[in-house]
1. From Val35, Val28, Val24, which residue is open to solvent by less than 90 Å² (accessible area, probe 1.4 Å), without any contact (Cβ under 8 Å) to a residue 40 or more places away in the chain and either of a type outside the set (Val, Ile, Thr) or assigned to a helix (DSSP H, G or I) (or both)?
2. If you scan region 63-119, which residues turn out to be touching a Pro at 6+ places or on another chain (Cβ under 9 Å), farther than 21 Å from Ala12 by Cα, assigned to a helix (DSSP H, G or I) and open to solvent by less than 50 Å² (accessible area, probe 1.4 Å)?
3. Looking only at region 38-56, how many residues end up being in a helix (DSSP H, G or I) and either open to solvent by less than 50 Å² (accessible area, probe 1.4 Å) or modelled with pLDDT under 95 (or both)?
4. Please state which of the following conditions Gln59 fails to meet, knowing it meets all the rest: (1) open to solvent by less than 50 Å² (accessible area, probe 1.4 Å); (2) touching a residue at least 12 places away in the same chain (Cβ under 8 Å); (3) more than 11 Å from the chain's Cα centre (by Cα).
5. Taking the conditions exactly as written (touching a helix residue (DSSP H, G or I) at 6+ places or on another chain (Cβ under 7 Å) and of a type in the set (A, V, I, L, M)), does Val95 satisfy them or not?
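The values are calculated or read from the model by the stated rules, or taken from the named source; none is laboratory data. Values in this document were obtained by computation on a predicted structure and should not be read as measured data. Every residue, glycine as well, gets a Cβ built from its backbone with ideal geometry; the counts of neighbours run over all protein chains shown. In case anyone asks, the SASA skips ligands and DNA or RNA and just uses the protein heavy atoms, side chains included. Shrake-Rupley method; radii C 1.70, N 1.55, O 1.52, S 1.80 Å.
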Amino acid sequence: MTTALILFAHGARDPEWANPMRRVQAAVRQRMTGVPVELAFLEFMAPTLPDCAAGLIAQGADKVVVMPMFVARGGHLKKETPEMIEALRSTYPNVEFSLGNAIGEHELVVQAMATAALEVAGL
């Protein structure tokens, strides 16, 4: 089974907005050299989640893990993203799709944000 990882971010009109996401992508690629790691966006930027998944599947992925790079699980992750995943499952019935929780809800990230906030405050 060939597993691929999609870092799924919101997107923005300003192309520089994606720079931190690209840094995360590069860091993951450096740690997992044999795993395809791509970045997809919900809106305003390309590629979209369906386009990114299609490209990875064309390259041989038969398992796709979608990791939402959102601080918290709001409307996009509660409604739209699960609908997108179901559409992908219908389009590619032989591919396993899994959807992670919002990255910002993981305890490691919560603690990293707390540490950064205290550091910036000089505390």
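1. Matching residue, one of Val35, Val28, Val24: Val28.
2. Listed by number, the list holds a single entry, Leu88.
3. Adding up the residues that qualify gives 6.
4. Evaluating Gln59 over (1) open to solvent by less than 50 Å² (accessible area, probe 1.4 Å); (2) touching a residue at least 12 places away in the same chain (Cβ under 8 Å); (3) more than 11 Å from the chain's Cα centre (by Cα) leaves (1) as the failure.
5. For Val95, the condition - touching a helix residue (DSSP H, G or I) at 6+ places or on another chain (Cβ under 7 Å) and of a type in the set (A, V, I, L, M) - is met.
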